[in-house]
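A quick write-up on the structure given underneath.
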Amino acid sequence: MNSINNQVRPDLQTICEWIQPKTRILDLGCGDGTLLSMLKTERDVNGYGLEIEISNIVKCINSGVNAIHADLNAGLSEFDDKAFDYVVMTQALQAVERPDRLLNDMLRVGREGIVTFPNFGHWRSRLQLFFGGHMPMTPSLPSKWFNTQNIHLCTLQDFEQLCADNNIKILQRTVVDRDHKSSFGMRLFPNLLGEVAIYRIQNS
Amino acid sequence: MPDTIPENSVGLVTSQTMHFDAPLALVCGRTLDNYDLVYETYGELNADKSNAILICHALSSDQHAAGYHSMEDRKPGWWESCIGPGKVIDTNHFFVVCPNNLGGCKGSSGPSSINPETGKPYGPDFPIVTVKDWVESQARFADKLNIDTWLAVIGGSLGGMQVLQWNIDFPGRLKHAAVIAAAPKLTAQNIGFNEVARQAIMHDVDFHEGRYYEHNTVPRRGLMLARMLGHITYLSDDAMREKFGRELRQGQISYGFDVEFQVESYLRYQGESFVDRFDANTYLLMTKALDYFDPAGDFDDDLAKALSKAKSDFLVISFSSDWRFAPERSREIVKALRENQHDVSYAEIEVSHGHDAFLIPIKEYLDVFGAWMGHLVKEVSS
């Protein structure tokens with residue numbers, strides 16, 4: 001599910017800072033388990049990752065992370081309401097069939113949700129589409145339009161509209177670049193300058 | 001027959017027998033006053049006895065999990081794919097123990113053993129044993145081996161059910177648990193298959209109410225039918241199509257009832273060879289143990305409650321084409337473990353082999369299993 005597997009993940013450190021110690025975490029599309037491994041060490045959490053690729057499950061097991069083989073597109077029906085303190089989904093929202101349904105499911109299963117996604121409203125994407133006239137390919141979105149896993153790309157504005165439509169409250173928002181740095185400019189024009197969006201959300 | 005023993009095999013092995021004098025009260029209400037358990041071990045027990053792994057076997061297997069009994073053996077033990085030096089269950093690091101379950105026919109007390117009270121084989125008088133009874137007998141077996149805590153208890157199919165039961169009855173006595181191609185209980189369809197198998201055996205004229213040993217007969221046809229039926233359910237539709245298709249033995253249809261399709265020939269062969277190595281009464285007992293297994297039954301039908309006291313971490317593996325113990329059943333186990341916040345990893349391996357896949361060296365399966373076992377190697381090496 002992860003769209004940018006082999007790069008430094010700018011969003012993970014921020015998530016780590018947002019999560020309270022000794023909480024229960026569900027990581028949707030946990031990849032090789034980097035985040036859960038980090039959270040276990042730094043936050044002493046009890047966590048499970050859902051992952052679709054066996055090769056990633058092997059990596060999770062190697063790093064001592066609980067990985068459960070699952071297809072996010074099948075939903076979270078096997079999970080009870082409020083079974084977790086946080087349901088986290090990094091860089092996978094844009095790759096699922098119905099992000100809206102999964103978001104609602106996340107907030108049913110978790111007290112809070114943390115979502116990160118590549119911001120399609122970033123100036124680099126806008127420039128490529130506007131001047132190049134082609135689907136953007138950026139360091140955050142390295143695939144071609146026909147072979148990308150990212151089938152539901154959105155901008156910060158789109159995401160916030162979806163939250164509003166679904167009575168989802170935004171508790172915290174940060175945008176960062178690939179070096180997980182934020183800047184004054186990014187805080188001023190997040191939808192233009194932020195490459196990766198990180199949201200902490202809750203049902204209203 | 002191996003000309004030479006492969007390097008990654010445990011090699012030539014012999015079964016050993018342990019006798020028990022303390023009466024074993026069984027779930028069915030009856031008591032076994034004394035009994036034998038036959039078992040095999042591979043690898044060396046370390047000084048602090050911390051590297052012992054218990055292997056629980058499935059319906060028709062036994063204590064011979066790995067290696068060869070003689071150079072004349074056609075095949076190695078049933079889990080040769082996973083047990084051996086350098087293999088997933090690495091005998092260079094672990095002391096691997098596999099007992100034959102009570103009720104078996106390979107040396108542990110069972111229907112074909114002599115009943116000390118009568119001097120004749122038990123036959124149908126051998127008590128019905130359950131998974132819980134097996135685990136109790138395995139715990140006593142561990143006591144006698146001076147193994148207080150198993151590093152891991154591992155099993156596939158009916159063996160996986162024993163692993164779950166260990167976590168319910170003796171949660172402090174195992175550190176890790178692998179439950180492969182198992183289920184928390186059988187479905188009605190599964191019990192149905194078992195019942196057809198039992199009826200086939202019991203309706204054989206040579207069955208003699210289970211006292212066929214005294215009549216010097218064997219309910220061959222019944223046991224053969226039971227195995228043929230079982231075998232179909234252990235394979236998947238796809239696996240049978242790949243293996244046999246509609247291939248004909250003689251190349252053309254002969255419009256008769258002799259063996260014509262390759263699949264018929266294969267099933268008859270499987271059935272016939274099974275009769276030579278397995279006891280019909282044991283088959284009846286083992287299928288009953290499968291049917292009765294429902295640990296949640298004692299906990300308001302709540303599997304999570306049943307497993308709440310478990311202390312080990314878990315690996316659960318299922319196989320996509322296994323319709324006898326389908327991935328959904330494994331996910332029920334994972335859900336129950338997760339609800340208790342137990343450490344668990346789960347993988348559903350995409351294969352066409354059906355239920356028997358757990359015996360086959362499939363790369364992704366061994367990758368997952370091997371990664372998990374890797375932590376155990378570190379644990380005993382440190």
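Just wondering, is there one or more residues in the stretch A:129-140 that are at pLDDT 95 or above and not aliphatic (A, V, I, L, M)?
Going through the stretch A:129-140, the residues at pLDDT 95 or above turn out to be none.
There is no residue in the stretch A:129-140 that is at pLDDT 95 or above and not aliphatic (A, V, I, L, M).
Condition first: farther than 20 Å from B:Pro76 by Cα and of a type in the set (Asp, Glu). Now tell me which residues in the stretch B:351-366 satisfy that.
B:Glu364
Quick one: would you say A:Ser63 is surrounded by fewer than 22 Cβ atoms within 10 Å (Cβ to Cβ), under 17 Å from B:Tyr365 (Cα atoms) and within 11 Å of chain B (Cβ to nearest Cβ)?
On the way: surrounded by fewer than 22 Cβ atoms within 10 Å (Cβ to Cβ): yes; under 17 Å from B:Tyr365 (Cα atoms): no; within 11 Å of chain B (Cβ to nearest Cβ): yes.
In short, no.
How many of the residues making up the stretch B:316-330 are within 11 Å of B:Pro184 (Cβ to Cβ), surrounded by fewer than 19 Cβ atoms within 10 Å (Cβ to Cβ) and touching a strand residue (DSSP E or B) at 6+ places or on another chain (Cβ under 7 Å)?
Total meeting the criteria: 0.
Out of A:Thr116, A:Thr155, which single residue is within 19 Å of the chain's Cα centre (by Cα), farther than 29 Å from A:Ser37 by Cβ and crowded, with 17+ Cβ neighbours inside 10 Å?
Numbers: A:Thr116 fails: farther than 29 Å from A:Ser37 by Cβ.
Testing whether each residue is within 19 Å of the chain's Cα centre (by Cα), farther than 29 Å from A:Ser37 by Cβ and crowded, with 17+ Cβ neighbours inside 10 Å leaves just A:Thr155.
So B:Asp291 clears everything in (1) more than 11 Å from every other protein chain (Cβ to nearest Cβ); (2) under 30 Å from A:Tyr48 (Cβ atoms) except one condition, right? Which one?
All conditions pass for B:Asp291, except number (2).
Somewhere in the stretch B:115-137, is a residue within 25 Å of B:Ser81 (Cβ to Cβ) and in a loop (DSSP other than H, G, I, E, B)?
For the stretch B:115-137, residues within 25 Å of B:Ser81 (Cβ to Cβ) and in a loop (DSSP other than H, G, I, E, B): absent.
Is it the case that some residue within the stretch A:125-146 is of a type outside the set (A, V, I, L, M), surrounded by 20 or more Cβ atoms within 10 Å (Cβ to Cβ) and farther than 28 Å from A:Leu107 by Cα?
Yes, the stretch A:125-146 contains a residue that is of a type outside the set (A, V, I, L, M), surrounded by 20 or more Cβ atoms within 10 Å (Cβ to Cβ) and farther than 28 Å from A:Leu107 by Cα.
Residues of the stretch B:343-361 being out of contact with any strand residue (DSSP E or B) (no Cβ under 6 Å at 6 or more places or on another chain) and within 11 Å of another protein chain (Cβ to nearest Cβ), which ones? I'd like the intermediate steps shown before the answer.
So the first thing to find is which residues in the stretch B:343-361 are out of contact with any strand residue (DSSP E or B) (no Cβ under 6 Å at 6 or more places or on another chain), and the list is B:350, B:352-356, B:359-361.
If the condition is that a residue be out of contact with any strand residue (DSSP E or B) (no Cβ under 6 Å at 6 or more places or on another chain) and within 11 Å of another protein chain (Cβ to nearest Cβ), then B:Glu350 is the only one that fits.
Only one of (1) within 14 Å of chain B (Cβ to nearest Cβ); (2) buried (at least 20 other Cβ atoms within 10 Å of the Cβ); (3) of a type outside the set (Phe, Trp, Tyr); (4) part of a helix (DSSP H, G or I) is not met by A:Gln94, so which one is it?
Tallying (1) within 14 Å of chain B (Cβ to nearest Cβ); (2) buried (at least 20 other Cβ atoms within 10 Å of the Cβ); (3) of a type outside the set (Phe, Trp, Tyr); (4) part of a helix (DSSP H, G or I), A:Gln94 fails exactly one: (1).
Which one of these is more than 11 Å from every other protein chain (Cβ to nearest Cβ), under 19 Å from A:Val196 (Cα atoms), hydrophobic (A, V, I, L, M, F, W, C) and free of Cβ contacts under 8 Å to residues at least 60 places away in the same chain: A:Leu35, A:Leu39, A:Leu76?
Values: A:Leu39 fails: under 19 Å from A:Val196 (Cα atoms); A:Leu76 fails: under 19 Å from A:Val196 (Cα atoms).
Testing whether each residue is more than 11 Å from every other protein chain (Cβ to nearest Cβ), under 19 Å from A:Val196 (Cα atoms), hydrophobic (A, V, I, L, M, F, W, C) and free of Cβ contacts under 8 Å to residues at least 60 places away in the same chain leaves just A:Leu35.
The rows are residues; the columns are (1) of a type in the set (Gly, Ala, Ser); (2) in a helix (DSSP H, G or I); (3) within 24 Å of B:Glu364 (Cβ to Cβ).
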| site | (1), (2), (3) |
| --- | --- |
| A:Tyr48 | no, no, yes |
| A:Val88 | no, no, no |
| A:Arg126 | no, yes, no |
| A:Ile151 | no, no, no |
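Farther than 30 Å from B:Lys378 by Cβ and more than 21 Å from the chain's Cα centre (by Cα), is that true of B:Gln189?
Values: farther than 30 Å from B:Lys378 by Cβ: yes; more than 21 Å from the chain's Cα centre (by Cα): no.
No; evaluated as a whole, the condition is false for this residue.
So, in the stretch B:362-382, exactly how many residues are in contact (Cβ under 8 Å) with a residue 12 or more places away in the chain and away from every other protein chain (no Cβ under 11 Å)?
5
For the stretch A:46-57, give me the residue count where each residue is buried (at least 22 other Cβ atoms within 10 Å of the Cβ) and at the interface with chain B (Cβ under 7 Å from one of its Cβ atoms).
Residues meeting the conditions: 2.
With respect to B:Val316, is the statement that it is on the phi < 0 side of the Ramachandran plot, at the interface with another protein chain (Cβ under 10 Å from one of its Cβ atoms) and in contact with a Leu (Cβ under 7 Å, 6 or more places away or on another chain) true? Give the derivation first.
Values: on the phi < 0 side of the Ramachandran plot: yes; at the interface with another protein chain (Cβ under 10 Å from one of its Cβ atoms): yes; in contact with a Leu (Cβ under 7 Å, 6 or more places away or on another chain): no.
It is false that B:Val316 is on the phi < 0 side of the Ramachandran plot, at the interface with another protein chain (Cβ under 10 Å from one of its Cβ atoms) and in contact with a Leu (Cβ under 7 Å, 6 or more places away or on another chain).
Which residue pairs have Cβ atoms closer than 6 Å, lie 6 or more positions apart in sequence or on different chains, and pair a first residue in the stretch B:157-168 that is under 14 Å from B:Ile180 (Cβ atoms) with a second residue that is not hydrophobic (A, V, I, L, M, F, W, C)?
What qualifies is B:Gly159/B:His57; B:Gln162/B:Gly155; B:Val163/B:Gly155.
The values are calculated or read from the model by the stated rules, or taken from the named source; none is laboratory data. In this text, all values refer to a predicted model and were calculated from it rather than measured experimentally. For neighbour counting, all protein chains shown are included, and Cβ atoms are generated from backbone atoms with ideal geometry for every residue, glycine included.
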